[in-house]
Structures are given as structure tokens and as C-alpha cells.
């Protein structure tokens, strides 16, 4: 007798067939499918509402972070501008008379040069500080 493994039912398949013949499935209650569909739709709506609430919370958090970053940049810019003004004034008060005596140039020539040097030094300092 030449039987193929696919032709002979397994023990599990035989048990399933026997249970199907011995046990009849119970009847579904009235409106079962309608209640099932309504429950599935409500679950979908609840899931959508939860996702929306989570996305709105994340959006608010990101907006807050962005606003804080904006405030931080404005504060840093203001502090840098004030520090640069004081540094420029201090350098001008100390270095301008010394440079005039040393080089013999007038203030109209030295002031823009000194301002350029202080600005370049500040730019290099900010660049180095940002790279850290």
C-alpha cells in the first residue's frame, strides 16, 4: 500500500473532525454581529482619540521646546551684544590713547580698526564656544 503523508490525516486533524461532529456550536445571540461591529467601531474611535491626544500633547511639547530655544537664542544674543559693547568700550578706553601715542594715528583711523579687531575676536570666541 503506497500512501502519501498528505493523504493520511494527522491526530490533530482527526481530533478536530471528531469534536466538530460531537459538539455543535451555540447559536449567536440576537444582534450579535451588530453589537460586534459597533464595539469594533467604538474601539477604533477610542484609538483615534487616544492617538490624537498623544499627538496634540507631543505638538505642545515641541512648540514649548521651540519657544524655549527661541528665548534662549534671543537671551544669548542680547547678552553677547551687551558684553561686546562693554568690551569694546573698555578696549577703546584703554587701547585708543596707547595706540595713538604709539602709532601717531588719529582716532578716526584707529576707532574702526579697533572695532574690527574686537568684533573679529568676539566672533572667534563665539565660534569656539559653540563648537564645544
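Fewest Cβ neighbours within 10 Å first, please rank 88, 10 accordingly.
Least crowded to most crowded, the residues run 10, 88.
Helix-only estimate, please: 222 nm mean residue ellipticity of the chain, summing -39500 (n - 2.57) across DSSP H runs of length 4 or more and dividing by its residues, to the nearest 500.
Computed mean residue ellipticity for the chain: -30500 deg cm²/dmol.
Place a label point 7 angstrom from the Cα of residue 91 along the Cα-to-Cβ direction, then list the residues of the range 118-132 whose backbone nitrogen is under 11 Å away.
118-125
So if the hydrodynamic radius of the chain is defined as the Kirkwood radius over C-alpha pairs, what does Stokes-Einstein give as its diffusion coefficient at 25 °C and 0.890 mPa s, in µm² per second?
Answer, rounded: 101 µm²/s.
Each value in this text was obtained by applying a stated rule to the coordinates, not by laboratory testing. Computed from a predicted model, the values in this text were never measured in an experiment. When we count neighbours, we look across all protein chains shown, and the Cβ atoms used for this are built from the backbone with ideal geometry, even at glycine.
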